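Asker: Pasting a structure below so you can have a look.
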Amino acid sequence: MKQQKLVIVINGKGGVGKDTFCKTAAQFYPVRTVSAITPVKVIARQCGWDGEKDLKARRFLASLKRLLAEYNGYPNFYLERRYQEFLEDEKQLILFVHIREADQIQDFLRRVDGKKATLLIRSKHLGQTTYGNAADDEAEAFDYDYEFHNDCDLEQLPQVVHAFLADLLCQEGIRR
């Protein structure tokens, strides 16, 4: 019998701890993490972007991603290939997929055949609230299946993430 797998589209404003959540989850579950921005960053580097994450760079990356998505759907084609690799890897249980834009989330979810869920990460510790680009500023403008409030300290985070994901997997009918 094939192992059940779950795709979780994860989102939230910049700085709420999405990457930290995924890295913490990997302490307890076999996970893979991919992002729609990864292939865009390759192109952005060719245009002179050097990896900074200031407001100007965030706006540039969001605009470039939007252009590529509108032109030929490139970011989600990239994600679809990563999804197929995930399905072929018998060891992986959860695929975290970072996507910001609501229309891109919907497009990707249509491409996924198996179990899937959406997760919004929030934090009351968020410093920046407006970023000047739709990808960040409208990250919460989607009807997510689950919300995780990243408001505990780093020492408690592993047990909180583990309990949250154990409950999420149970609700999604995933048996380990």
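The values are calculated or read from the model by the stated rules, or taken from the named source; none is laboratory data. Please read these numbers as outputs of a predicted model, since none were measured by experiment. FYI the Cβ positions are ideal-geometry reconstructions off the backbone, even for glycines, and counts take in every protein chain you see. The accessibility values were calculated without ligands, DNA or RNA, using every heavy atom of the protein model including side chains. Shrake-Rupley method; radii C 1.70, N 1.55, O 1.52, S 1.80 Å.
Asker: Across region 19-51, what is the total count of residues that are open to solvent by less than 70 Å² (accessible area, probe 1.4 Å), among the charged types (D, E, K, R) and outside any strand (DSSP E or B)?
Answerer: Of the residues in region 19-51, 1 are open to solvent by less than 70 Å² (accessible area, probe 1.4 Å), among the charged types (D, E, K, R) and outside any strand (DSSP E or B).
Asker: Anything in region 86-123 that is outside any loop (DSSP other than H, G, I, E, B), of a type in the set (Lys, Arg) and farther than 20 Å from GLY15 by Cα? List them, or say none.
Answerer: Step one: filter region 86-123 for residues outside any loop (DSSP other than H, G, I, E, B), giving 86-88, 94-98, 102-111, 115-122.
Those left that are additionally of a type in the set (Lys, Arg): 110-111, 115-116, 122.
Correct list: ARG110, ARG111, LYS115, LYS116.
Asker: A further question follows. Under 9 Å between Cβ atoms, at least 6 apart or on separate chains: pull out the pairs that start in region 62-74 with a residue that is free of Cβ contacts under 8 Å to residues at least 60 places away in the same chain and end on any residue that is aromatic (Phe, Trp, Tyr) and not in a helix (DSSP H, G or I).
Answerer: Final answer for the pair search is LEU64/TRP49.
Asker: I'm checking my understanding of the structure. Among residues of region 125-147 that are closer than 14 Å to ILE8 by Cα and not in a loop (DSSP other than H, G, I, E, B), which one is least open to solvent (accessible area, probe 1.4 Å)?
Answerer: Residue satisfying both the conditions and the ranking: TYR146.
Asker: I would also like to ask the following. When you scan region 148-155, do you find a residue that is surrounded by 15 or more Cβ atoms within 10 Å (Cβ to Cβ), over 15 Å from the mean Cα position of the chain (by Cα) and over 24 Å from GLN171 (Cβ atoms), even just one?
Answerer: The answer is no; no qualifying residue exists.
Asker: Only residues that are in a helix (DSSP H, G or I), open to solvent by less than 80 Å² (accessible area, probe 1.4 Å) and among the acidic types (Asp, Glu): list them for region 52-85, please.
Answerer: Of everything in region 52-85, those that are in a helix (DSSP H, G or I), open to solvent by less than 80 Å² (accessible area, probe 1.4 Å) and among the acidic types (Asp, Glu) turn out to be GLU80, GLU85.
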